[in-house]
Amino acid sequence: MSNRLLAYSPKAETVPPAQWRRMAPVVRSLGFMAVAAGPYGPDVVMTPLARLVAWVESQGLPLEPSVILDQSTVERFILVGCRGMAANSRRTCSSQLRRASEALLLDQLGQHPPTRLKATAAPVAPYPPAEIAYWLIWAQSLPPPAAQRLSSVLSRPGLRARR
């Protein structure tokens, strides 16, 4: 694994060779740290790190791990530095750089990364038809004024199960 990190060199269109020679030690050290603490191997994480470090250098920021992998720097890079990338590629790059950033937080600063929240792509309807029927039957057993109010709320179109 360390041989792959040391042998890594980005494509010339990703990072020009002259710029790569200047920043290679920084990218490789970040790569060692990210691979040691994260879920990605060197083949996955080195290109996003090289792109990030090249962008950081072009912005005039110091090439220090705490600056490069700061969450705000990574976020700005994704928003500004990756404009030409396809949306899926930008999300993948963002995910890889966030894991590398979390590795820095844990390794150098002793902080645990924030909890990642994940939502399902297709949300579930709030009430299935059987549950709506149950509540409508229950509402009919209430005294008339309360039953009328509740059944009017339960029968709204937004509460019906989607098909």
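Taking all protein chains as they are arranged and a probe of 1.4 Å, the heavy atoms of E57 leave approximately 50 Å² accessible to solvent. The alpha-carbon positions of the range 17-64 define a convex hull whose volume is 69 Å³ per residue.
To the nearest 10, the accessible area of Y8 is 40 Å² with a 1.4 Å probe. Sorting M85, M33, M46 on solvent-accessible area from highest to lowest, probe radius 1.4 Å, gives M85, M33, M46. Other residues lying with their Cβ under 12 Å from the Cβ of L52 contribute a combined charge of 0, Lys and Arg counting +1, Asp and Glu -1.
With a cut-off of 15 Å between beta carbons, the residues surrounding N3 carry a summed charge of +1, where Lys and Arg count +1 and Asp and Glu -1.
With a simple spin-label model that places each label point 7 Å from the Cα along the Cα-to-Cβ direction, the separation between S95 and A18 comes to 3.7 nm.
The values are calculated or read from the model by the stated rules, or taken from the named source; none is laboratory data. Treat the numbers as computed from the prediction; the structure is a model and nothing was measured. In this analysis, Cβ positions are derived from the backbone assuming ideal geometry, glycine residues included, and neighbour counts consider all displayed protein chains. What goes into the accessible areas is simple: the full protein's heavy atoms, side chains included, and nothing from ligands, DNA or RNA. Shrake-Rupley method; radii C 1.70, N 1.55, O 1.52, S 1.80 Å.
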